[in-house]
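Below is one structure, written out as structure tokens, with a few remarks after it.
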Amino acid sequence: MMAFILVFGATFLLSLTEHNTLLENLFEVCSAFGTTGLSLGITSDLTVFGKCIIMVVMFIGRIGIPSFLYLIGRRESEANYHYPKERVIIG
């Protein structure tokens, strides 16, 4: 379900900024999400915003949606440990 929302959300954003057909945009986004390497040749003609959308979708498709959500949602916690200090004599 999350993949469906991501793909169609990215396709919608791409449709707002690009002058391609909906099917071409959907193909590019699905190809980016699946990291298949297929393209219709329109990727080089995308705007900077369109290329950024494709890059983010490629990244999320590569690492997976749950991993991406964990990456952006985790909180840095203070360490509950400390390293021991010792003077080491060498020689």
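The values are calculated or read from the model by the stated rules, or taken from the named source; none is laboratory data. Please read all numbers here as calculations on a predicted model, not as lab measurements. Because the Cβ atoms are built from the backbone with ideal geometry, glycine has one as well, and the counts that use them run over all protein chains shown.
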Output the residue which, of all residues in the range 39-54 that are assigned to a helix (DSSP H, G or I) and β-branched (V, I, T), is surrounded by the most Cβ atoms within 10 Å (Cβ to Cβ).
-> I53
Within the range 20-33, of all residues that are of a type in the set (A, V, I, L, M) and surrounded by 13 or more Cβ atoms within 10 Å (Cβ to Cβ), the one farthest from F8 (Cα to Cα) is A32
Does any residue in the range 23-37 that is under 15 Å from M55 (Cβ atoms) and without any contact (Cβ under 8 Å) to a residue 12 or more places away in the chain come within less than 8 Å, Cβ to Cβ, of a residue that is surrounded by 17 or more Cβ atoms within 10 Å (Cβ to Cβ) and among the small types (G, A, S) six or more places away or on a different chain, and which pairs are these?
-> G37/S31
Hey, among T36, T17, which residue is modelled with pLDDT under 95 and surrounded by 12 or more Cβ atoms within 10 Å (Cβ to Cβ)?
-> T17
Does F68 satisfy the condition of being in a helix (DSSP H, G or I), under 13 Å from the mean Cα position of the chain (by Cα) and surrounded by 15 or more Cβ atoms within 10 Å (Cβ to Cβ)?
-> yes
Selection from the range 1-45 of residues that are within 25 Å of P66 (Cβ to Cβ) and among the polar types (S, T, N, Q) | T11, S31, T35, T36
